Amino acid sequence: MKTVGFEIKTSGHTQMTEITAEVRRIVGESGVKDGICTVFIPHTTAAVTINENADPDVVRDFIMELKKIVPWEDGYHHAEGNSAAHLKSSMIGFSQQIIIEDGRLVLGTWQGIYFCEFDGPRHRKVYVKIKEG
Ligand code: ZN
């Protein structure tokens, strides 16, 4: 199946936006019953992860702790001034793979797919590739 992309406009400097519904829609439209769905983002200051989507405080705590682990200012050399965003991006990662079974994403009850913005607000892209089999 062809790679499908969609855009996302982030509104904050650091934020996590749930994209599960968009990915589900793409999987549904693909007609693929069994396979693997890859979600990839073509950015160096953002990431994609899977985590709890029931309690919004989980996302809040996630962002809060990441800021402690990688402070925004810490004597970095990168002239653009956003080294912290680059670091967080690689720590969390640029892609996720989710199993498709019976035409549906195999996600746990509390799991949601999140686009993680670390240097927004910006216009971002998300790519979804579905492989049958
Ligand atoms: Zn940079």
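Here are the numbers for the structure shown:
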{"read-out": "Which numbered condition Thr44 fails, given (1) more than 16 Å from the ligand (Cβ to nearest atom); (2) closer than 20 Å to Val126 by Cα; (3) out of contact with any strand residue (DSSP E or B) (no Cβ under 9 Å at 6 or more places or on another chain); (4) of a type outside the set (Lys, Arg)", "value": "(1)"}
{"read-out": "Filter result (surrounded by 16 or more Cβ atoms within 10 Å (Cβ to Cβ), within 11 Å of the ligand (Cβ to nearest atom) and not hydroxyl-bearing (Ser, Thr, Tyr)) within the stretch 61-86", "value": "Asn82, Ala84, Ala85, His86"}
{"read-out": "Options Val58, Val32; residue that is in a loop (DSSP other than H, G, I, E, B) and more than 16 Å from the ligand (Cβ to nearest atom)", "value": "Val32"}
{"read-out": "Verdict on Thr49 being at pLDDT 95 or above, more than 16 Å from the ligand (Cβ to nearest atom) and of a type outside the set (D, E, K, R)", "value": "yes"}
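Conditions tested, residue by residue: (1) touching an Asp or Glu at 6+ places or on another chain (Cβ under 8 Å); (2) closer than 18 Å to Leu105 by Cβ; (3) hydroxyl-bearing (Ser, Thr, Tyr); (4) in contact (Cβ under 8 Å) with a residue 24 or more places away in the chain.
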residue	(1), (2), (3), (4)
Thr10	yes, no, yes, yes
Glu22	no, yes, no, yes
Cys37	no, yes, no, yes
Val48	no, yes, no, yes
Asp55	no, no, no, no
Lys67	no, no, no, yes
His78	no, no, no, no
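The values are calculated or read from the model by the stated rules, or taken from the named source; none is laboratory data. These numbers come from a predicted model, not from an experiment. In this analysis, Cβ positions are derived from the backbone assuming ideal geometry, glycine residues included, and neighbour counts consider all displayed protein chains.
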